[in-house]
Amino acid sequence: MLSVYQLIIPTPYVVGHINAYLINNEPVTLIDVGPQTPEAMKVLREMLSALGVGIKNISRIIITHAHPDHCGLVAEIAAMAGATVYVHNWEERKLNGEHDHLRERLPFVLESGIPKEMVKKMIGQRDKLLHPTLKGVPTRLLYDNQTLDFDQGSLQVMHLPGHSPGHVCLYDPEQRFFFSGDFLLPHITPNPLLEPDPERPGQRVPALKQYLQGLDRVEVLDIALVFPGHGGLFNDYRTVINAGRQHHLTQFRQIKNKLQAGEMNSYQLSRVIYPGLKGWNIFLGISEIQAHLDLLVEKGEIFCRQRQGVNYYSLS
């Protein structure tokens with residue numbers, strides 16, 4: 001039986017605190033670590049100390065996905081502890097110290113029809129924290145259906161993309177615990193981010209399609225308690241799954257309703273549906289809309305035509 005403790009770590013982001021989880025069995029393991037800020041490190045140290053655990057006791061760090069609020073401290077903690085970091089291959093490539101996140105995404109952003117002056121404003125307000133790196137850190141790759149053993153239990157790795165291409169969740173089949181990262185959250189629906197497809201160079205990842213397929217996979221699990229990356233623990237996971245599905249159905253209907261007025265690009269749709277977005281949140285709005293557009297096109301419910309490097313969408 002695994003001994004699991006929730007560690008609530010502050011972040012500078014609108015989403016608020018993130019949850020890291022200590023599994024106090026051998027090998028002592030952290031699931032996510034928090035952002036690279038002095039405050040986050042201070043709180044993490046204090047919470048571990050209250051449990052009688054020092055950073056040097058940690059042998060293994062599991063990263064659910066490579067977003068800075070979840071993995072910012074990973075290199076620092078791994079170095080202090082002499083720990084090995086476990087991460088999916090598609091997230092590890094983002095943490096090699098040479099990955100240019102903006103350059104990878106920019107072609108897809110420009111296809112949305114966003115004005116160039118808006119791109120400058122968006123870039124100017126992107127993440128101010130240094131992006132974490134695993135360069136020089138002992139690392140092992142995670143794979144779907146892999147088993148991670150402890151002296152008194154195990155975790156099954158589940159590759160569940162949608163919020164990030166290499167996002168992993170962890171399932172404890174004995175206690176029926178599910179560590180969901182940002183895949184399943186109690187009060188918000190994860191954003192399907194605009195990213196390149198690791199398996200199809202030059203194309204967008206089908207984020208929303210992957211996410212909805214993942215919901216089907218999780219729904220049939222026998223889960224007693226969900227340990228999410230943000231918010232409180234919960235057990236009504238099927239209610240959360242159904243709320244997520246309903247959110248996306250509402251988005252599909254809203255987009256198709258807006259297209260009744262004529263063809264629009266994804267930037268235009270994002271400004272109509274999310275008129276108040278500023279800075280980097282504009283990218284998040286475009287990501288949300290583009291993910292739904294891609295799936296609607298695949299289903300044949302709308303059509304896409306490209307003109308001068310911009311994708312336009314219509315009902316016919």
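The values are calculated or read from the model by the stated rules, or taken from the named source; none is laboratory data. Every value quoted in this text rests on a predicted model; they were computed, and no experiment measured them. Note that each Cβ is placed from the backbone with ideal geometry, even for glycine, and that neighbours are counted across all protein chains shown.
Looking across ASP172, ASP151, ASP100, one residue alone is of a type in the set (Asp, Glu) and in contact with a Leu (Cβ under 6 Å, 6 or more places away or on another chain). It is ASP172. ARG45: surrounded by fewer than 18 Cβ atoms within 10 Å (Cβ to Cβ), touching a Pro at 6+ places or on another chain (Cβ under 9 Å) and either in a loop (DSSP other than H, G, I, E, B) or not small (Gly, Ala, Ser) (or both), yes or no? Considered against the rule, which asks whether it is surrounded by fewer than 18 Cβ atoms within 10 Å (Cβ to Cβ), touching a Pro at 6+ places or on another chain (Cβ under 9 Å) and either in a loop (DSSP other than H, G, I, E, B) or not small (Gly, Ala, Ser) (or both), ARG45 comes out as no. Residues in the range 294-316 that are part of a strand (DSSP E or B), surrounded by 14 or more Cβ atoms within 10 Å (Cβ to Cβ) and not aliphatic (A, V, I, L, M): PHE303, CYS304, ASN311, TYR312, TYR313.
Suppose we keep only residues that are assigned to a loop (DSSP other than H, G, I, E, B) and modelled with pLDDT under 95 within the range 193-240. Which one would you say is farthest from GLY34 (Cα to Cα)?
Among those residues, the one meeting the criterion is GLU199.
Annotation note: of ALA243, ALA291, the sole residue that is under 30 Å from LEU7 (Cα atoms) and either assigned to a helix (DSSP H, G or I) or at pLDDT 95 or above (or both) is ALA243. Filtering the range 9-27 to residues that are in contact with a strand residue (DSSP E or B) (Cβ under 7 Å, 6 or more places away or on another chain) and surrounded by 15 or more Cβ atoms within 10 Å (Cβ to Cβ) leaves ILE9, THR11, HIS17, ILE18, ASN19, ALA20, TYR21, LEU22, ILE23, ASN24, ASN25, PRO27.
Which residue is modelled with the highest pLDDT, if the candidates are limited to the range 181-192 and must be in contact with a Phe, Trp or Tyr (Cβ under 7 Å, 6 or more places away or on another chain) and buried (at least 19 other Cβ atoms within 10 Å of the Cβ)?
LEU184
For the range 58-117, which helices (runs of 4 or more DSSP H) that fit wholly inside it have 2 or more residues that are within 13 Å of GLN36 (Cβ to Cβ)? Answer list for the range 58-117: 68-71, 74-81. Among the residues of the range 160-178, is any of a type in the set (Gly, Ala, Ser), at pLDDT 95 or above, out of contact with any helix residue (DSSP H, G or I) (no Cβ under 7 Å at 6 or more places or on another chain) and on the phi > 0 side of the Ramachandran plot? No - not one qualifying residue is present in the range 160-178. Considering only residues in the range 59-72 that are aliphatic (A, V, I, L, M) and closer than 26 Å to ASP151 by Cα, the one that is surrounded by the most Cβ atoms within 10 Å (Cβ to Cβ) turns out to be ILE63. Any residue that is within 21 Å of ASP294 (Cα to Cα), among the aliphatic types (A, V, I, L, M), within 19 Å of the chain's Cα centre (by Cα) and assigned to a loop (DSSP other than H, G, I, E, B) - is there at least one of those in the range 159-179? Looking for residues that are within 21 Å of ASP294 (Cα to Cα), among the aliphatic types (A, V, I, L, M), within 19 Å of the chain's Cα centre (by Cα) and assigned to a loop (DSSP other than H, G, I, E, B), one finds at least one in the range 159-179, hence yes.
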